[in-house]
């Protein structure tokens with residue numbers, strides 16, 4: 001039987017809840033089922049049909065898109081094996097999708113982790129640094145999720161990956177009526193997994209600066225929360241209370257996709273809190289709703305989403321700059337309108353259907369080489 005095998009065994013899913021790597025796994029499968037290939041996902045977390053449905057619902061996908069995806073490794077001879085966790089935990093593969101430089105000391109990429117996350121991070125980095133060079137011998141194609149991520153592999157291993165940014169589902173966002181500025185609420189929205197490596201506390205630092213302003217926006221932090229991050233979540237809430245900003249900061253955890261899309265549409269500004277973010281799916285989702293975004297300049301978000309262009313997004317280097325950028329967008333209607341229009345156009349260039357096509361055509365030569373004939377069963 002000719003089939004595509006997609007492997008995903010990323011460890012942080014256990015501790016932190018669903019994230020971008022799982023979503024990439026699902027969309028990679030869909031990219032090939034759309035062209036008629038049997039596809040199987042071998043994953044310790046996406047291991048039942050119900051788990052696939054939950055993930056699809058989380059990202060707003062339609063369940064019929066899952067019907068041709070198999071679960072587990074049928075133990076045959078796959079035409080192609082794709083590792084979408086981007087590390088050594090999924091074993092050898094023909095294609096490796098790189099999310100971040102897992103072989104580096106985790107503190108370089110995700111600084112400030114403590115406790116169990118510190119221990120796990122050190123162990124994870126060590127395993128990858130030792131084993132990754134041996135995996136390289138069998139990998140035929142490398143794909144990075146951003147130019148930012150690709151630069152690390154070029155620097156340390158002289159690997160020059162394809163850059164194919166992650167899929168972003170904007171179908172259910174752009175299908176809703178666009179809200180103009182005076183139809184929106186005075187909200188600064190941040191969407192992120194509630195987890196230490198995402199540095200959600202940066203939102204609180206910006207909110208604290210607004211507490212001295214006459215016109216205070218409401219800050220909403222929305223995102224998934226796992227039981228392992230409950231202590232971090234409690235610390236954030238306690239910090240908001242101690243800083244006297246709990247009246248303007250609201251947490252919305254594990255909300256429905258429908259509620260999330262509503263927040264994107266009615267927010268005035270979106271602020272992303274994560275330094276060195278490799279991409280940032282939620283940034284593109286906000287842009288698709290016409291919500292201007294404020295993002296870290298030292299990130300794949302600035303390089304690959306905003307293209308380093310201040311006509312697409314407002315960058316910041318530190319908390320003071322983030323505060324200034326958010327404040328400017330709240331007060332400057334002309335700038336807000338300009339970024340809103342440009343954001344929508346840029347988001348359309350990064351949607352999930354673009355990802356499907358780019359991924360398929362990057363891998364088509366390898367498929368043809370191994371199989372021959374057409375690489376599209378539906379042609």
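Structure above, values below:
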read-out: Overall dimensions of the range 171-348 as given by Cα atoms, namely Rg and Dmax in Å; value: 14.9, 43
read-out: Sites residue 171 and residue 311 - FRET efficiency at Förster radius 25 Å, r taken between beta-carbons, to 0.05; value: 0.50
read-out: Förster radius 51 Å - calculated FRET efficiency between residue 63 and residue 337 (Cβ-Cβ, nearest 0.05); value: 0.85
read-out: Gain on full stretching of the segment that runs from residue 213 to residue 77 - 0.36 nm per residue minus C-alpha separation; value: 42.6 nm
read-out: Burial order of peptide ranges 354-366, 246-258 (average beta-carbon count within 10 Å, highest first); value: 354-366, 246-258
read-out: Mean Cβ count within 10 Å, highest first, over the residues of peptides 164-177, 265-278; value: 265-278, 164-177
read-out: Separation between Cα centres of the range 233-306 and the range 174-222, rounded to whole Å; value: 6 Å
read-out: Ordering of 320-328, 59-67 by packing [mean C-beta count within 10 Å, highest first]; value: 320-328, 59-67
read-out: Computed E for residue 239/residue 266 - FRET, C-beta separation, R0 30 angstrom, nearest 0.05; value: 0.70
read-out: Spacing of the two label points (7 Å from each Cα toward its C-beta) at residue 228 and residue 158, in nm; value: 3.7 nm
read-out: The range 276-369, Cα convex hull volume normalised per residue, Å³; value: 90 Å³
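Values quoted throughout were computed directly from the atomic coordinates according to the rules given, and no laboratory measurement underlies them. Source: prediction; values computed, not measured. Positions of Cβ are generated from backbone atoms using ideal geometry, with glycine treated the same way; all protein chains shown enter the neighbour counts.
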